[in-house]
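Derivation of every value follows stated rules applied to the coordinates shown; laboratory data play no part. The structure displayed is predicted, hence computed values, not measured ones. All Cβ positions, even for glycine, are placed from backbone atoms using ideal geometry, and neighbour counts span all protein chains on display.
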């Protein structure tokens, strides 16, 4: 892989102002066991390269799975041909050169690819068996493990050469229950927007030890019983009330309300074709009240085990921490080299690509809330009337990342400081700054937990990023909840 | 990129009995732009070899990006070992791959790839970009993307099936912003030469008409959904309600209602990958011939789409709607090429019948909150207007809708005469006209 990268860079024509290449091998192993079904085992292996060149201030990018000499010549011709076809006159600035030469691997204790398949099948079969104890209304149970490894070589014409290996492990459980009139789903440890295989559960940049730590077997019976109980649970009432969101649920709210809007390329308008723009425009930095004074948020790609952690991004910029919101005020962006230069900033090391075949884009790393001083128990005890919601079931947010609606897999009513009945079909809607302005309590450091979400979509063509979210439970006042 | 039959047969020999290959040679060319400047150009060549081996009711699979024998052998050995470890299933099992290509009655449609896309030249995409940008007012800013795709497909199995085709697609998305408002056009066709790029600036200028901005309307009113908005609505409804697995498991709102009136009698919907009004395709990911499948006839549910596993719901023959292994939107059969019959109302007549109400050009980020209820939430985007007495009188602020799709499709007052081709990330082709929806199911809060 390293030889391929160096060979291609050496073959670039003289009019290339800047060029970089990523040679990436991605390995994915999936094991899935389902109730009364065949289950699945899958092995995916993807190897290729992506070449990006800048000529006359215009970008060209080409990607190929062919690493033979003809394939390399062809990919160079395509990238260069595209850049030249734009006719020059561009004015891309990249800021300071990146010249790092380094090797980095994500930490892990047990290589998950070395764990026998039988061990994985045993764990998942036991999980499904436990979940099946919830009775005949359980219609579907799927337990899965997904393991990813990216071996990446990055090199550029400025002299950088970086080799990285990232290993990610995750697993999850999904239970569907039905009674003819209704269907309800429960997921563990966290939900996904759709029933997407390969992206279910909680993930970390870690080894097999992360899968073992999830407690799939231990929680399976409870989760399945909740799916059944939801069938006969009352509907979430329509009202404006106090909302307490569990850390799991708040992870996705943070993702949509702070993560995407604070990507610098959206602020510069370059994602308008698919994802849209953002309320977090450059002139609002430092003066836009994003939320209540008790909320601060940051992006941090250096957190050990975070699914958005790495050594260097896909432009060779070191992983780092970036403050996004401080004391409720919007402060900064995640950025790559080009977007940072356009904003007059230094890059924050957030430029990442999905595999070898896609262009690097500004992507979230680990987006985290700074913990507060309360606790979930205190928040409930201090609430006269409200609801507690957890585990995301679906959501939608507008193209400026303002108006949103989230629905959760389950909720509970809160009456006079105590949890009451289980509620189904809970959803809530609000507008980003109004919602976060209503935040009056956040869980403390003991409740801070990092969630790994392997299903962040962005870009044209679509790219899927693996990101992390560090959150605590939070309490929000005056929220419209309902069915 | 051509896929050699000899390479496929060699791979099948290595992988052994019970194997199916779903091979894609992808060639994508993309030009992106924002703020009226080019921001990215992208060229991608990719070979995807999806392997599925089913032996003794046990299934294992994998993907490669090569047909090199050594790499195939490595995967074959892993799959053989995995199959030995897998327990025997206790319940329903997936059928072994079968050569369904010889099923009677329907021949695979032969798709002619378009020369205009096969011979793609970056200069053409630059011309398109310049045509649209230069046709807008000076104060307008253009964003979007132009994309050319060539897809070489082969599905083959160890029982002798071999199907191949080359598909082409070109698309242009143009989003224009001016004076705080935006409008968009997306055109898709198999043949780039048949995309009327020259007409896009006029459409965008017309959409960006100078009108006052009104206060958000509260309550319910008639809503005219233009084709791009109907595309999203019909595709989402079809995906969740009209697949055989969803139907059989009870997850579909239509479960058990075959032969009953399920939506407005003004609606007739088919899935047909052989109808040149949409994008074409001859076979699905299992190699089943794609069949014209009537789904809704004047509001009455007449069918669902199936794959081999659920063929018993469609007369024992799969309709040709198996999805690829590992598909990110699920593993069950779903519609892929929807066509909604046109009506007889012109766009002006629809607007006149709308009277006082909302005109929605695009539904964005429409997400399902409760599949069984077809409850969804989403927003409007790009050119949402308010009409009075059948005339557009104001821009309406972008708004969020939360509604039941089946209720909206039951409240159709009129259907437009002009259809547009579109696509979705989860659906190959969608051909739909405008729909006028009566007051009631869509509530503006």
Original post:
Who wins for biggest fluctuation among B:342, B:57, B:322 in a Gaussian network model of chain B, springs between alpha carbons below 10 Å?
Top reply: B:57
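Relative contact order of chain B: what whole-number percent is it, with Cα pairs under 8 angstrom and at least 6 residues apart?
On the way: 1105 pairs, mean separation 68.7, N = 445.
Result for chain B is 15 percent.
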**OP:** With all distinct Cα pairs included, what does the Kirkwood hydrodynamic radius of segment B:219-444 come out to in Å, to one decimal, could you say?
**Re:** 17.5
Original post:
Where the Cα atoms of segment A:427-467 are projected onto their three principal axes, how long is each span, largest first, in whole Å?
Top reply: 40, 28, 18
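Which FRET efficiency value, to the nearest 0.05, is calculated for residue B:344 and residue A:77 with the Förster distance at 45 angstrom and r the Cβ-Cβ distance? Let's see the in-between values first.
On the way: r = 52 Å, r/R0 = 1.16.
The value I calculate is 0.30.
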**OP:** Scale the Cα Rg of the protein assembly as shown by the rule-of-thumb value 2.2 N^0.38 Å and send over the ratio, two decimals.
**Re:** 0.90
Original post:
Could you list log10 I(q)/I(0) for segment A:2-232 at q = 0.11, 0.14, 0.15 Å⁻¹, which the Debye formula gives when each Cα is one point scatterer?
Top reply: -0.70, -0.87, -0.92
**OP:** With everything on Cα atoms, drop me the angle between helix B:227-241 and the longest principal axis of chain B, reported from 0 to 90° to the nearest 10.
**Re:** 40
**OP:** Distance between Cα centroids, segment B:299-370 to segment A:366-395: provide it in whole Å.
**Re:** 38
**OP:** Of all alpha-carbon pairs in segment A:56-97, indicate the percentage at a distance above 14 angstrom.
**Re:** 54
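In whole angstrom, how long is each semi-axis of the equivalent ellipsoid of segment B:380-445, when you take the square root of 5 times every eigenvalue of its Cα gyration tensor and sort them from largest down? Please list the in-between numbers first.
Numbers: eigenvalues 91, 50, 45 Å².
Result for segment B:380-445: semi-axes of 21, 16, 15 Å.
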**OP:** Provide the descending list of Cα extents for segment B:185-254 along its principal axes, expressed in whole angstroms.
**Re:** 50, 44, 12
Original post:
Which ordering of A:356, B:240 is given by a fewest-first count of other beta-carbon atoms within 10 Å?
Top reply: B:240, A:356
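Please compute, for peptide A:267-277, the average count of beta-carbon atoms on other protein chains lying within 10 Å of each residue's beta-carbon.
Values: counts 0, 3, 8, 8, 4, 15, 12, 7, 1, 7, 4.
For this peptide, the per-residue mean of nearby foreign Cβ atoms is 6.
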Subject >> Simple label model, 7 Å out from Cα along Cβ direction - residue A:209 to residue B:215, nm >> reply: 6.1
Original post:
How far, in degrees from 0 to 90, does helix B:5-15 lean away from the longest principal axis of the Cα atoms of chain B, to the nearest 10?
Top reply: 60
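Mind pulling up the Rg/Rh value for segment A:367-422? Radius of gyration and Kirkwood radius, both on Cα.
Numbers: Rg = 14.0 Å, Rh = 13.2 Å.
We get a ratio of 1.06 for segment A:367-422.
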Original post:
What's the exposure ranking of B:391, A:129, B:226, going from fewest to most Cβ atoms within 10 Å?
Top reply: B:391, A:129, B:226
Subject >> Mean Cα-pair separation over length for segment B:232-282, i.e. relative contact order, pairs under 8 Å, 6 or more apart, % >> reply: 16
**OP:** Would you mind checking the tilt of helix B:122-134 against the longest principal axis of the Cα atoms of chain B, expressed as 0 to 90 degrees and rounded to 10?
**Re:** 20
Subject >> Unit Cα scatterers, Debye sum, chain B: log10 I(q)/I(0) for q = 0.07, 0.10, 0.13 Å⁻¹ >> reply: -0.39, -0.77, -1.20
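Please state the equivalent ellipsoid semi-axes for segment A:100-253: what are the square roots of 5 times the Cα gyration tensor eigenvalues, largest first, in whole Å? Let's see the in-between values first.
Working: eigenvalues 270, 88, 27 Å².
Square roots of five times the eigenvalues give 37, 21, 12 Å.
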**OP:** Enumerate the whole-percent occupancy of each 5 Å bin, from 0 to the last occupied one, for all C-alpha pair distances of segment A:231-290.
**Re:** 4, 15, 16, 16, 16, 12, 10, 7, 4, 2, 0
Subject >> Highest-MSF residue in chain B out of B:56, B:299, B:278 [GNM, Cα springs under 10 Å] >> reply: B:56
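With r defined as the distance between the Cβ atoms of residue A:111 and residue A:158 and R0 fixed at 35 Å, what FRET efficiency is calculated, to the nearest 0.05?
Working: r = 34 Å, r/R0 = 0.96.
About 0.55, to the nearest 0.05.
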Original post:
Which of A:435, B:162 comes first, and how do the rest follow, when ranked by fewest Cβ neighbours within 10 Å?
Top reply: B:162, A:435
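Shielding by partners for A:394-405, please: the mean number of other protein chain Cβ atoms within 10 Å of each residue's Cβ. Could you put the intermediate results ahead of the total?
Values: counts 8, 4, 13, 7, 9, 10, 3, 0, 3, 6, 4, 9.
What the average comes to for A:394-405 is 6.
Give me the percent relative contact order of segment A:239-482, please, defined on Cα pairs under 8 angstrom at least 6 residues apart. It would help to have the intermediate numbers written out before the result.
Working: 667 pairs, mean separation 68.7, N = 244.
So the answer I get is 28 percent.
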Subject >> Gyration tensor over alpha-carbon atoms, segment B:1-69, equivalent ellipsoid semi-axes in Å >> reply: 36, 14, 7
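Provide the convex hull volume over Cα atoms per residue for chain A, in Å³. Working shown, then result.
Working: hull volume 67.6 nm³, N = 483.
Expressed per residue, the convex hull around the Cα atoms of chain A is 140 Å³.
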Original post:
Per residue, what volume in Å³ does the convex hull of the Cα atoms of segment B:5-207 enclose?
Top reply: 186
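Full-extension gain between residue A:125 and residue A:289, please, as 0.36 nm times their residue separation minus the C-alpha to C-alpha distance. Working shown, then result.
Details: separation 164, 0.36 × 164 = 59.04 nm, distance 4.91 nm.
Stretched fully, the residue A:125-residue A:289 segment lengthens by 54.1 nm.
Across every pair of different alpha-carbon atoms, what Kirkwood hydrodynamic radius in Å does segment A:239-482 reach? Walk me through the intermediate numbers first.
On the way: mean 1/r = 0.0557 Å⁻¹.
About 18.0 Å, per the Kirkwood formula over Cα pairs.
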Subject >> 20 Å tail of the calculated P(r), segment A:201-323, as % of Cα pairs >> reply: 65
Subject >> Rounded Å value of the spacing that divides the Cα centres of segment A:200-254 and segment B:11-88 >> reply: 33
